[in-house]
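Heads up: the structure comes next, in structure tokens.
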Amino acid sequence: MNAENAPVDEAAAAALWDEYRAARPDRALDTEPPSVEVFGDHPALTDELLGLVLDGTKRATASLVAEFRHEQQPLPRVGSHWIACDSAGRPRAILRSTELRIGPFSSVDAAFAYDEGEDDRTRESWVDHHRRYWQRVCPGIGVEWHDGLDVVFERFEVAWPPEVADR
């Protein structure tokens, strides 16, 4: 994959966060500004996965613990938020973590694979596609891929903007 995502628009993300905090002070309780992220590692994948979030299909995601370490980011917490951007770097949705589990790659179950909403939503497809994804990503973060690597299995809700929010 040669194409890269554009840098995220931090100013636009901060504005979206401020809008959410003003409208939902009861839910925007994070003590730190949310991280601003993209799904995937290239524009086509980023926009495909974000599209699944925006249409209501995707309500889970998985990241290697090693990715958080590499980016010097704290692990998510239940109730914390993050801002998902498209491949052009535009913030499109504020997501709120609702469930977290850390376990080895091999511990993914069928329900999680279904909630992640990708491909045919089966565990077998999830394992195949995520293994290939992390085999691409691991060299760039200085980690050797193996099926025992710890994964953050995260379920989330779409909190903002109202037109795509879950509630």
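Summary table
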{"read-out": "Sequence-distant residues sharing a close amide H with Ala93 (under 5 Å, placed H)", "value": "Ala84"}
{"read-out": "Cβ-derived FRET efficiency at R0 30 Å, Arg77 paired with Val127, nearest 0.05", "value": "0.65"}
{"read-out": "Gained length - Ile141 relative to Asp119, 0.36 nm times residue gap less alpha-carbon distance", "value": "5.4 nm"}
{"read-out": "Whole-Å distance, taken between Cα centres, linking segment 139-167 and segment 49-108", "value": "3"}
{"read-out": "Mean ellipticity per residue at 222 nm, deg cm²/dmol - from DSSP H runs of n ≥ 4 across the chain, formula -39500 (n - 2.57)", "value": "-9500 deg cm²/dmol"}
{"read-out": "With Cα atoms, 0 to 90° folded angle of helix 43-54 axis to the chain main axis", "value": "60"}
{"read-out": "Overall dimensions of segment 20-114 as given by Cα atoms, namely Rg and Dmax in Å", "value": "13.8, 41"}
{"read-out": "log10 of Debye I(q)/I(0), alpha-carbon scatterers only, for segment 78-167 at 0.14, 0.23, 0.26 Å⁻¹", "value": "-0.62, -1.24, -1.25"}
{"read-out": "Under 5 Å, built H, 5+ apart or other chain: amide partners of Ser80", "value": "Ser97"}
{"read-out": "Distance (nanometres) between label positions extended 7 Å along Cα→Cβ at Arg167 and Asp55", "value": "2.6"}
{"read-out": "Nonlocal amide H pairs with Ser35, under 5 Å, H built at 1.01 Å", "value": "Ile83"}
{"read-out": "Asp30 paired with Ala110, simple spin-label distance in nm, labels 7 Å along Cα-to-beta-carbon", "value": "3.5"}
{"read-out": "Kirkwood-Stokes translational diffusion coefficient of the chain, alpha-carbon pairs, 10 °C, 1.306 mPa s, µm²/s", "value": "98"}
{"read-out": "Segment 1-94 - percent relative contact order, Cα under 8 Å, separation 6 or more", "value": "43"}
{"read-out": "Helix axis angle, 10-23 relative to the chain longest principal axis, alpha carbon, degrees", "value": "60"}
{"read-out": "Between helix 123-137 and the chain: long-axis angle, C-alpha atoms, 0 to 90°, nearest 10", "value": "90"}
{"read-out": "Selected from Ala110, Ala12, Ala22 as most flexible by GNM, with the chain as the system and alpha-carbon contacts under 10 Å", "value": "Ala22"}
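Each reported figure results from applying straightforward, stated rules to the coordinates on display, with no laboratory input. As the structure is a computational prediction, the values presented were derived from the model and not from experiment. Positions of Cβ are backbone-derived with ideal geometry, glycine not excepted, and every protein chain shown enters the neighbour counts.
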